[in-house]
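Have a look at the structure below, then the notes.
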Amino acid sequence: MCGFFGIIYSDERREMGEVLFKAGKRLSYRGYDTSGVGVVDGSGNVEIRKDVGKIEEVAEKHRFAELSGKKGIIQLRWATFGVPSVRNAQPHKDCTGEFLGAHNGNIINTPALRMRLESSGHKLMGENDGEVILHVIEDYYKITGDMVQAIVQGTKDLEGDFACIITKRDEDRMFVVKKGSSLFLGKGDGYYCASSDLASILDHTKQILTLSDGEFVEFGTDYFIVRDLDTGEIIEKNLEEIDLDIGTVEKGSFPHFMLKEIYESPQKAHSLIGLMSGNVVYDEGVDLINASPRVFITGAGTSYHSALLGTYYFSRISGKLLNISFASDFREFYAPVLEDDDLLIAVSQSGETKDVKNVCDVFREKTEGKIISVVNNLGSTIALLSDLVLPIASDIEISVPATKTFVNQAILFLNMAVLSAKKKMLNVPTIPFEKIPWILEKSIEISEEYVDKVIQAVDRFNEFYILGYGLTYPAALEGALKVKEVVYVHAEGMYSGEFKHGPLSIVHQDYPVFFVSTIEDKFFVLSHIQEVKTRLGKVITVAPEDPELEEVSDIFIPLPTDNPYLVPISATIFFQLLAYHLGVNRGIDPDFPKNISKTITVD
Ligand code: BG6
C-alpha cells in the first residue's frame, strides 16, 4: 500500500520541497519503507531524490527543503513488488528521462511486463511495479506522440488495482489515473494537486474532485479534464467543497494520533448517532437486510471484528443471521454458494482494503445481489462500487491501529439491528444511544485510571490471552489485535469456553489471563475464571460492576455500563488504551507499527 501526492503551479516555487514533504507526512501512514520526491523546474529539468526509510529521515538526509520547482511528486512506499531499496523507491523515470511518475496499488502482471520491456531494450532500474508504468507509457508515447492516447493505450496493458500520477517533463500539465485505488484532485489558487489520499490535499484546498475507477484526469495550473480511461472521451465532472476539517488530521495536544483518535471516540460516536437518526441511507440499509433471504458480511482486521460484533447484534436483537467471513476467505468459502438475491455488507473504514474489494468483485461476478458498504472514506474504491454506502462518520483516522472507527462501526451495527427489529415489530432491548458518548468518556477515564496497575501485572510477559463470551467475544479478538499491532507481542483473543480445551495448559503461577464479560454471561465466565484461578493464574477482568466477578479477579476494571450490547464497545476502549500505553512504554510508535500499514491495497 503506498501513497503519492503531486502538484503543479503556475510559476516556479522555491517552497516545492517543503510542500511535498508536508504532503508526504500526511501520507506516512500509508507506507514508509521508502520515500521519494521528483521535481521539475520551469525549464523541464527533472530532479529525483529518494531513499529507504520514513519520510522524515529521507527528507532530512536528502534535503528536500532546498528543492524548488514548478511541478513535483512525492511517493511513500509500503513494499510489495521489490524490496525496500533506492532503485525500487518511487518516483521513477522512463529510459529517456522524459517521463516522471509514481503509483499506489499493484500492477499484478509486472513480471511479464518487465520481461517484455527488457526484451525490447528498456533498461529498468529495479523490480518495483510502479516503474513499469513509466516504460509502458514511454512505449505508447513513441507510437502515438500524444500523452492522452499513450495513457489510454498503455493502461490497457496494466493489470491490477492501482492509481498513478505521470508527467512529461517539458509539459505544463500532469495526469492521474484511477483504476482500483483511491485518488482525489484538489483545486487551489494558481495550482492543482492530486493525491491517493484526501488528507494531503486538505492542507491546500477543500475544492475536491472525487474520481471513479476507469477515469483519468489531465490537469494544469488552472484547468482539469476528466476522461474515460478506456476510450479517452471527456467526462463532465465538477469540483465540490468538502467540509472535512483539516484539524482532524492534526495531532493537536496528543503525542500520537492513536491516543487522539481514542479520545475522539465519544465525539465521533455522537456525530454518527445524530447522523443515523436523520439519514435515510441507514434505513434503506436495514430494509435491504430485512428483505434479503441471505445476508453476507465481511471485513478485514478490526473491521472484521466490528462485523462479527454486528452479527451478534443482528442475531440477538433482530433474529437475522448475517453470514460472516474474513474477507480473504470469502471466495474460498462463500463464492460457491452465492445466489442472485443475496446481499453483501462490505465493512472497510478506508474503503480500499484489497481483500474486501476482492469480495465485492466476486460478489458482482457471481450474483445480481446488492452490495452495502460500511466505510469511513466516502470517495473510496469500495464505496464507489457499492449500491449503498453507510458512512461511519469518524472523520479521517490516521493511526494504523483502528480505534474510533471500530467504535463507530459497532454503534452503526447496533443501531441498525435495533431498527431491523423495530421494522419486524419485535420487542427491542433498551439501548441508551444518547448515553453512549458519556459511556465512552467514562470508559476512557476508568481505563486510564486502571491501566498502570494492569501494566505492572503483565508487562513482564510477552504473550496474552484475552477471553470473551458471547457479545464480548469480538471485543476479546479486537483487544488482542490491538496488543499485537502496537506491543509487538503475541496476544490471542479466544472464546472463554474454549480455553479449557487445550490453551489452559499454558497457565502457571501469575500467568495473566484477561476476561471480558457481561453480567448476563457471568455464570459461564465465573467458571472459566475458576479454571484459571485454580492453576494460580492471574485473572484480570473487564466487566460491569459485579461483586462476584470482582471477588474472583486479581484486578477488576469496572465498566461504566451494564448494558450487554454496550459492554463490548466499552471494553474495547480499555484494550485500545492498554495496548497504546504498553507499546509506548516499550518505545514503539503506536501510529506506525512496523510491517503493517493503515490500508492494505494488495492481496
Ligand atoms: C489493516 C490495518 O491493514 O487493515 C488494520 O492495519 C485494519 O488496522 C485493516 O483494521 C482493515 O482496514 P479497513 O480500512 O478495511 O477497515
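The values are calculated or read from the model by the stated rules, or taken from the named source; none is laboratory data. Computed from a prediction, not measured in an experiment: that's the story for all the values here. Cβ: placed from backbone, ideal geometry, glycine included. Neighbour counts: every protein chain shown. Side chains are part of the model used for accessible areas, which takes the heavy atoms of the whole protein and leaves out ligands, DNA and RNA. Shrake-Rupley method; radii C 1.70, N 1.55, O 1.52, S 1.80 Å.
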Could you work out how far apart the two model spin labels at residue 459 and residue 427 are, taking each label as a point 7 Å from the Cα in the direction of the beta carbon, and quote it in nm? 4.9 nm
For segment 430-589, taking Cα atoms only, what is the radius of gyration to one decimal and the Dmax to the nearest whole Å? 14.4, 44
Pulled fully out, how much extra length does the chain show between residue 12 and residue 362, if you take 0.36 nm times their separation in residues and subtract their Cα-Cα distance? 121.3 nm
Between the helical axis of 354-366 and the dominant principal axis of the chain, each derived from Cα atoms, what acute angle in degrees is found, rounded to the nearest 10? 90 degrees
Using θ = phi - 60° and Karplus 6.51 cos²θ - 1.76 cosθ + 1.60, couplings along segment 427-440 (whole Hz; Gly, Pro as x): 5, 10, x, 7, 10, x, 4, 5, 8, 4, x, 5, 4, 5
Using only the Cα atoms, work out Rg/Rh for segment 248-428, with Rh taken as the Kirkwood radius, to two decimals. 0.97
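Using the heavy atoms of the protein chains and a 1.4 angstrom probe, tell me the accessible area per residue for the chain in square angstrom. Write down the numbers at each step before the final one.
Values: 21450 Å² over 603 residues.
Per-residue accessible area for the chain comes out at 36 Å².
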Could you pull out which residues in segment 450-489 have an amide N less than 11 Å from a spot 7 Å beyond the Cα of residue 506, following the Cα-Cβ vector? 462-467
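For segment 551-603, which trypsin sites (Lys or Arg not before Pro) are both in a DSSP coil and crowded by at most 14 other Cβ atoms within 10 Å?
Filter output for segment 551-603: 586, 594.
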Across all Cα atoms of the chain, Rg and the largest Cα-Cα distance (Dmax), in Å, are 25.2, 79
Indicate, rounded to the nearest 5 percent, the antiparallel portion of the DSSP beta bridges found entirely in the chain. 60 percent
Segment 20-113: GluC sites (Glu not before Pro) in DSSP loop, at most 10 other beta carbons within 10 Å: none
Please report, in debye to the nearest 20, how large the charge dipole of the chain is about its Cα centre when each Lys and Arg carries +1 at its beta carbon and each Asp and Glu carries -1 there. 700 debye
On the protein heavy atoms, probe 1.4 angstrom, tell me the percent of accessible surface of segment 148-202 carried by carbon and sulfur. 40 percent
Rg to Rh ratio, segment 207-317, alpha-carbon atoms and Kirkwood radius? 1.07
Which residue, 229, 205, 35, has the largest displacement toward the positive end of the dipole of segment 3-244 when charges sit on each Cβ (Lys, Arg +1; Asp, Glu -1)? 35
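Taking the alpha carbon gyration tensor of segment 3-244, what are the square roots of 5 times its eigenvalues, largest first, to the nearest whole Å? Please report the intermediate quantities before stating the final value.
Numbers: eigenvalues 109, 93, 56 Å².
The answer is 23, 22, 17 Å, longest axis first.
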If one takes the longest principal axis of the Cα atoms in the chain, at what angle in degrees, from 0 to 90 and to the nearest 10, does the Cα axis of helix 473-487 lie? 50 degrees
Dividing the mean separation of Cα pairs under 8 Å (6+ apart) by the residue count of segment 54-174 yields a relative contact order in percent of 27 percent
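Based on the mean of other beta carbon atoms within 10 Å per residue, what is the order of 451-460, 320-329, most packed first? It would help to have the intermediate numbers written out before the result.
Numbers: 451-460: 15.0, 320-329: 18.3.
Answer by packing, highest mean first, reads 320-329, 451-460.
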Cut-off 12 Å between beta-carbons: net charge of the residues surrounding residue 52, Lys and Arg +1, Asp and Glu -1: +2
Given 320/354; 54/260; 237/594; 435/522; 522/598, the pairs whose alpha carbons are separated by over 30 Å: 237/594; 522/598
Under a point-charge model restricted to the Cβ atoms of Lys and Arg (+1) and Asp and Glu (-1), what is the dipole moment magnitude of segment 5-54 relative to its Cα centre, in debye to the nearest 20? 340 debye
For the ranges 416-423, 162-169, what's the packing order if you count other beta-carbon atoms within 10 Å of each residue, average per peptide, and put the highest first? 162-169, 416-423
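Quick one: order 241, 215 from most to least accessible surface, probe 1.4 Å. Walk me through the numbers on the way to the answer.
Values: 241 120, 215 20 Å².
Putting 241, 215 in descending order of accessible area: 241, 215.
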If you look at just the Cα atoms of segment 373-425, how large are its Rg and its Dmax in Å? 12.7, 41
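Determine the relative contact order of the chain: mean sequence separation of Cα pairs under 8 Å and six or more apart, normalised by residue count, in whole percent. Kindly include the intermediate steps, with their values, before the conclusion.
Details: 1394 pairs, mean separation 67.9, N = 603.
Here the relative contact order equals 11 percent.
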Just going by the charge dipole of the chain, with Lys and Arg at +1 and Asp and Glu at -1 on Cβ, which of 505, 65, 2 is farthest out on the positive end? 505
